[in-house]
Amino acid sequence: MPVITEIEDLRRIYKRRVPKMFYDYCESGSWSEQTFRENLSDFEQIYLRQRVAIDMTGRSTASQMIGQDVAMPVALAPVGMTGMQHADGEIHAARAAGKFGVPYCLSTMSICSIEDVAENTDAPFWLQVYTMKDDDYTQRLFDRARAAKCSAAVITVDLQMLGQRHKDIKNGLSAPPKLTAKSIADMSWRVPWGLEMLRTKRRFFGNIVGHAKGVGDASSLSDWTHHNFDQGLNWDRIREFRRMWDGPLIIKGIMDPRDALEACNVGADAIVVSNHGGRQLDGALSSIRALGPIMDAVGDRIEVHLDSGVRSGQDVLKALAMGAKGCWIGRAYVYGLGAMGERGVSEALRVIHKELDVSMGLCGRTDVRALDRDILMIPRGFSGDWED
Ligand code: GLV
């Protein structure tokens, strides 16, 4: 077992182990990738205020997200095609999350189905749902989630159409991969990945193939997504989705205070400030810059989480101190999953937990639920001073 001290260690192993097509899928932003890059670099502009000679014993990272107990306020974000990063990847990730005591959110675009994950894990998980035109399909997703005892639904509102990721087009990304000279060459030397993939039967989009009308195989899938994602989405439609699901609801993909205020009126339990990991609107602000004005606008009206760019416990600490009740990680755990399956996801969580715990202590704080902006030095104008 290699010594893992930071998330970057996992990314390096992941890159060697997984076919380039899937590494690129994970590690891309849309178009020029400006937002993808700034999601990370903007965290570095915020400094932590070091304090000394303050009793830092008895620290706790335990908290709650949407009223559910968590060992630390970090959820595993929905990531499409996780089961292509490692065979049965969604099950591995959900198991690691369950053992650690943090929420796992399954993507609708997963390889393992809702039922696969429910049957192979113990802890309840969250289900992410896109905003689609086909209400029958969406209602069935919610019904399946209820039957699987999912403890929250997450509606992604920032993907009415797909931001272009150049590499996915050039790589001819699909699940399972189409067999071309390039993809065969790519996969043939990822031997452990390939052997594990051959051992599992889960290689298609498990929530779609066989569930959505007219989708019997992967080749009709891109067509299905293109035609089914609802470009006509509005807040009334989101209220209709709210009526389809009576459990806890989270709205993911909010970047503007006006949209955050709209989300407060939908009856959601939380919003996630997210630019989809820089994969949708290139040129959008980083999520950490967007967080402050959204917190100021919504106050205590709704629980706010942050996603996009979180790669360390220090990032989590900064977002929490700015007022977020929790953070979501995507790539940070996918690196671990691709590197070494469930154990790698556990490693990613261990690394982030330790960074959060020790950094919180070095800021003179002992309770993750009682953080505030006083531990931060935020540059003037960080959240922008824009022309109207
Ligand atoms: C899907 O949500 C993606 O970002 O690829």
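The values are calculated or read from the model by the stated rules, or taken from the named source; none is laboratory data. The structure displayed is predicted, hence computed values, not measured ones. Note: ideal-geometry Cβ built from the backbone for every residue, glycine included; neighbour counts use all protein chains shown. Note: accessible area is taken over every heavy atom of the protein model, side chains too, but ligands, DNA and RNA are not part of it. Shrake-Rupley method; radii C 1.70, N 1.55, O 1.52, S 1.80 Å.
For the pairs Lys252/Lys354; Lys20/Lys213; Lys20/Lys201, note any where the Cα-Cα span goes beyond 25 Å.
Lys252/Lys354; Lys20/Lys213
Can you tell me the 0 to 90 degree angle between the C-alpha axis of helix 235-244 and the longest principal axis of the chain, rounded to 10?
70 degrees
Accessible area of the chain with a 1.4 Å probe: how many percent of it is carbon plus sulfur?
About 52 percent, which is the carbon plus sulfur part of the accessible surface.
Would you mind checking the range 68-93 for residues with the amide N under 16 Å from a putative spin-label position 7 Å along Cα→C-beta of Glu119?
The answer is 88-92.
Taking the alpha-carbon centroid of each part, what is the distance from the range 246-305 to the range 312-384 in angstrom?
Computed from Cα coordinates, the inter-centre distance equals 18 Å.
Among Ser286, Ala324, His86, whose Cα projects farthest towards the positive end of the dipole of the chain, with charges put on the beta-carbon of Lys, Arg (+1) and Asp, Glu (-1)?
His86
With θ taken as phi - 60° and the coefficients 6.51, -1.76 and 1.60, list the Karplus ³J(HN,Hα) couplings across the range 369-380 in order, rounded to whole Hz; mark glycine and proline as x.
The phi angles translate into 7, 10, 7, 8, 5, 4, 7, 10, 10, 9, x, 4 Hz.
Please calculate the 1.4 Å probe accessible area of Ile91, with all protein chains present, and give it to the nearest 10 Å².
10 Å²
What stretch of the chain, leaving out the sites themselves, is the longest with no GluC sites (Glu not before Pro) in a DSSP loop having at most 15 other Cβ atoms within 10 Å?
The longest uninterrupted stretch comes out as 7-386.
What is the helix-to-structure angle for 7-17, meaning the angle in degrees between its Cα long axis and the longest Cα principal axis of the chain, kept from 0 to 90 and rounded to the nearest 10?
10 degrees
I'd like the FRET efficiency for Arg49 and Glu6, computed as 1/(1 + (r/R0)^6) with the beta carbon distance as r and R0 of 22 Å, rounded to 0.05.
My answer for the efficiency is 0.45.
Sticking with the crude label model, points 7 Å out along Cα→Cβ, report the distance from Lys170 to Ala297 in nm, one decimal please.
Inter-label distance under the simple model: 3.6 nm.
Give me the 1.4 Å probe accessible area per residue for the range 7-377, excluding ligands and nucleic acids, in Å².
Here the per-residue accessible area is 40 Å².
Nothing charged except the Cβ atoms of Lys and Arg (+1) and of Asp and Glu (-1): what's the magnitude of the dipole of the range 7-377 about its Cα centre? Round to the nearest 20 debye.
960 debye
What is the sum of charges around Gly267, taking Lys and Arg as +1, Asp and Glu as -1, for the other residues whose C-beta is under 10 Å from the C-beta of Gly267?
In short, +2.
Determine, for the range 82-172, the count of lysine pairs separated by eight or more sequence positions (or lying on different chains) whose alpha-carbon distance falls under 30 Å.
For the range 82-172, qualifying lysine pairs total 4.
For q = 0.13 Å⁻¹, what log10 I(q)/I(0) does the chain give under the Debye formula with an equal point scatterer on each alpha carbon and no solvent?
With one equal scatterer per Cα and no solvent, log10 I(q)/I(0) is -1.07.
Who wins for biggest fluctuation among Leu356, Leu261, Leu106 in a Gaussian network model of the chain, springs between alpha carbons below 10 Å?
Maximum among the listed residues: Leu261.
Please give the contour-minus-distance gain from Cys264 to Leu195: 0.36 nm per residue of separation, less the Cα-Cα distance, rounded to one decimal in nm.
Full extension from Cys264 to Leu195 adds 20.1 nm.
Take the chain, mark every one of the trypsin sites (Lys or Arg not before Pro) that falls in a DSSP loop and has at most 11 other Cβ within 10 Å, then report the longest stretch left between them, sites excluded.
Between the exposed loop sites, the longest stretch runs 214-379.
Going toward the positive end of the dipole of the range 7-377, with +1 on Lys and Arg Cβ and -1 on Asp and Glu Cβ, which of Thr200, Thr156, Leu40 do you reach last?
Looking along the dipole axis, the top candidate is Thr200.
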